[in-house]
Each structure stands twice: as C-alpha cells, then as structure tokens.
1. May I ask for the Kirkwood hydrodynamic radius of region 1-152, worked out over all distinct Cα pairs and given in angstroms to one decimal?
2. Hey, what's region 76-217 come to in accessible area per residue, 1.4 Å probe, Å²?
3. So if I take the centroid of the Cα atoms in region 88-116 and the same for region 19-60, what is the distance between those two points in Å?
4. For region 166-201 and region 264-289, what is the separation of their C-alpha centers, rounded to whole Å?
5. Over region 113-231, what relative contact order in percent results from Cα pairs under 8 Å that are six or more residues apart?
6. Under 5 Å between amide hydrogens, which residues at least 5 positions from residue 4 or on another chain qualify, with H placed 1.01 Å from N in the peptide plane?
7. Helix 26-39 versus the longest principal axis of the chain: what angle, 0 to 90°, nearest 10, using Cα atoms?
8. Could you please put 256, 87 in sequence from largest to smallest accessible area, using a 1.4 Å probe?
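The values are calculated or read from the model by the stated rules, or taken from the named source; none is laboratory data. Since the model is a prediction, treat every value here as computed from it, not as a measurement. Ligands, DNA and RNA are excluded from the accessible area calculation, which covers all protein heavy atoms including side chains. Shrake-Rupley method; radii C 1.70, N 1.55, O 1.52, S 1.80 Å.
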Amino acid sequence: MLTVVMYHYVRETASTSRYGLKARRVHEFDAQLDYIAANFHVCSSADVVAAAMGKKPLPPRACLLTFDDGLIDHHRIVFPRLSARGWSAAFFPSAMAVERRQMLDVHKVHFILAVSDDLDALEGRILRVVAEFRREHDIPEDAELKKRYTAASRFDAPNVVFIKRLLQHGLPLPVRSEVADRLFCETVTKDECTFCDEVYLTIDQLRQMRDAGMEIGGHGERHVWLEHLSESDQCGELERTLSFLERVHGTRPANWMMCYPYGSYNATTLSLLKERGCAVGFTTRVGTNADLSRPLELARLDTNDLPACRVSPRWEQPAPHCADSR
C-alpha cells in the first residue's frame, strides 16, 4: 500500500491571518510530521517510480509527501524540516508562476476569498462583472450558473465552491481571467509582481531543493483544468511543462512525475503523458493506493485527512470522496 499526502499552503500563523487564508499552520505541520514518522515509512519519489515500473517493491506502510503549486512556503518552511529528518518529497510548481512571476488564477481566487468578509457581496460583485461580457460571450444567466457550479465540498461552503468553479472553468478563459484580475486588483493588490514574491518560490530555490534530493515534477504551465482542453491544447500545456522541467533539471526528464492541477485529467491526458515518458501521476481522488497498477492515477490524502496534533488517535483511512474543488 502507498499513502500519498497532499499539501498546499504551510504558513506561519501571522502571515496566514494577514489574509485569512486557509493553510496548514507550522506547529500543525511539525506535529503531523511526527505523526507520519510514527505511523509510516517515508519513501522518495525514486522509490515510487521504481515500484511503479516493477523494479523493486515499496516498504510496508510506504508514504510519499507531495507539495503542490510551487509556493514559497515549501522552501521557507517545508524544505528545511524535511531535510532535518533526512526525508525526500515531491514538489509540483506551475511554470508561469515560477518563471514569469505571474499570479495563477487559482491563487488570485484564493486570496480574493481570503480577504472577503462578505461572500454574498463578493458573489454579487463577480456576477455583475460577468454580466458585462454577455454580449460578446455565450454565458448562461446567473441562475443557471448557480445551478451548474454550486456543489458540496469537504472543505468549502457551497457559495465558496460556486465562486471557485465559476472562476476556474465555468466561464470562457478570457472572461474568467479578466474577472479574477479585476477582483484581485480591487481587493488584494495592484502590484502583482511584488505579491508573487510573497507567494511563489524561484527557479533557483527549486534547483537548491532538487540538489538536496527533492523531486521537482510537473504541474502544468498555467495550472488549468486539463480535461477541459482540446487534445492540441493539452499537448501544448504538457510540452511547456516538460520544457520548464528541463530548465529546472538541466536535461529533459525521463520517468518523471505529473500532478494534475485541480486533479483534472482525462483519457487523452493519460495517453499524452505515456507518450512523453511520464511514470507517475497524482490525482486529488481521496484514498490510499492498494497497488500501483494504475501509476498515472494515484490517489492522495489531503493534509486534513491526517491528524495534526501531538497526541493523536490511531489513524484510520478516510472514506473515498470525489475530487475537491481547489
């Protein structure tokens, strides 16, 4: 069995509370690492790839730690703590944020939500902006949008899920990017470049982590829902992902790892990844992996699925859920 744990933000309380951002606090992360050490055998990405290729089995209660999105937290907080324990982990940055210092729409939405103390007012503001684009784009009326994109989630209220999904994939790309840009400038900051330095690590930091034994894998160029792209657009996204990894590693990677943004992929994605030598892929499907017979569709546990306190009850595998909206 392989347990893969998924992390995003890991932040000091002060920097987190500045925005009301949902994050794993540092003391919780420390406690969780203690818990993982007591209950699992932490393995490396190379171990998982070798097992997926049938070269050697994983140890009992194998666990791989994964960190999505290329956040500065992963260099400042996570990297030194893993190194101190002699552990390796897999990190999945998106190229646009790291190299071009542009905020990903996913994080613009996170911070827009984090600074908003009235979600009803925020939703109304978003829908008013959307209405401006109906003459040029085929966009359903507000009631239909609410019906399509409001859903239950393990971690978010229905109105939060609606806002996320609307701005992640529910609107035409130019519209959702414009709406996210406008709301981000209105509510968070107009200085996107400087703000990126507070959110994302750099390519030099990635290389430092790589040199210390951490795995740097693919997470797309723009962090988009792959399943909503045409085959040609998926090809472009994956090729740009590989080009970015080549610049990080200094050579085109073989038997590399892919982490699907939002957990989004389809049969086309899997076929394209196989053609490009991808060995392991990570979803946001909740659960553990009884075997590695489908190495491009590995399930993961969210950090919230594991206890984050010093004295913890015996761990029990959570029931499977469909992928969360991130």
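1. Kirkwood hydrodynamic radius for region 1-152: 18.6 Å.
2. 45 Å²
3. Each part reduced to its Cα centre gives a spacing of 22 Å.
4. Cα centres, region 166-201 to region 264-289: 27 Å.
5. Once divided by the residue count of region 113-231, the mean separation gives 21 percent.
6. Amide H neighbours of residue 4: 64, 289, 301.
7. Long axis of 26-39 versus the principal axis of the chain: about 40 degrees.
8. So the residues, ranked largest to smallest area, are 87, 256.
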